[in-house]
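Visitor: Just dropping this structure here.
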Amino acid sequence: MYYDSHAHFDGFLADGEAEAVIERAAAAGVDGLMAVGGSQTMNAAALEMRRRHPESCAVSIGFDREQATGLKAGGAAPLARRLVAALDGAAGG
């Protein structure tokens, strides 16, 4: 089993290439991918890929250091609730 443990999809989604990336990975024998966040845009892209491909995309969301320092005190809590709700929806829960 091959697994890509770190894939950013924000650029591929913006360019309309995300589905082709999944197809190429499967054709190369990759069984799954970890869609990784790091910013609001990258987190949204990772969640979208999980929603589209729950059988092959796991998701890791959060903020890179540069992004996290811009969050106001307590500002991550509402975002965390939205992300958990989105994950529940992506998982069919």
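Visitor: What full-extension length gain, to one decimal in nm, is calculated for E23 and S5 as 0.36 nm per residue of separation minus the Cα-Cα distance?
Guide: Using 0.36 nm per residue and subtracting the Cα-Cα distance, I get 4.8 nm.
Visitor: Another question, if that's okay. Summing +1 for each Lys or Arg and -1 for each Asp or Glu, what net charge is found among the other residues whose Cβ lies under 13 Å from the Cβ of E23?
Guide: 0
Visitor: Quick one: which residues, 5 or more positions from E17 or on another chain, have an amide H under 5 Å from its amide H? H modelled 1.01 Å from N in the peptide plane, none for Pro or chain starts.
Guide: Amide H neighbours of E17: none.
Visitor: Where does the charge balance sit around E48 when Lys and Arg score +1, Asp and Glu -1, over other residues with C-beta under 12 Å from its C-beta?
Guide: +1
Visitor: Can you work out the Karplus-derived ³J(HN,Hα) for every residue in region 16-25? Use 6.51 cos²θ - 1.76 cosθ + 1.60 with θ = phi - 60°, whole Hz, and x for glycine or proline.
Guide: Coupling constants for region 16-25: x, 9, 4, 5, 5, 4, 4, 4, 5, 4 Hz.
Visitor: For region 1-60, what is one quarter of the convex hull surface built on the Cα atoms, given in nm²?
Guide: 3.5 nm²
Any read-out appearing in this document is the output of simple, stated calculations on the displayed coordinates, not a laboratory observation. Everything numeric in this text was worked out from a predicted model, so none of it was measured. Quick reminder, even Gly has a Cβ in these numbers, built from the backbone with ideal geometry, and neighbours come from all protein chains shown.
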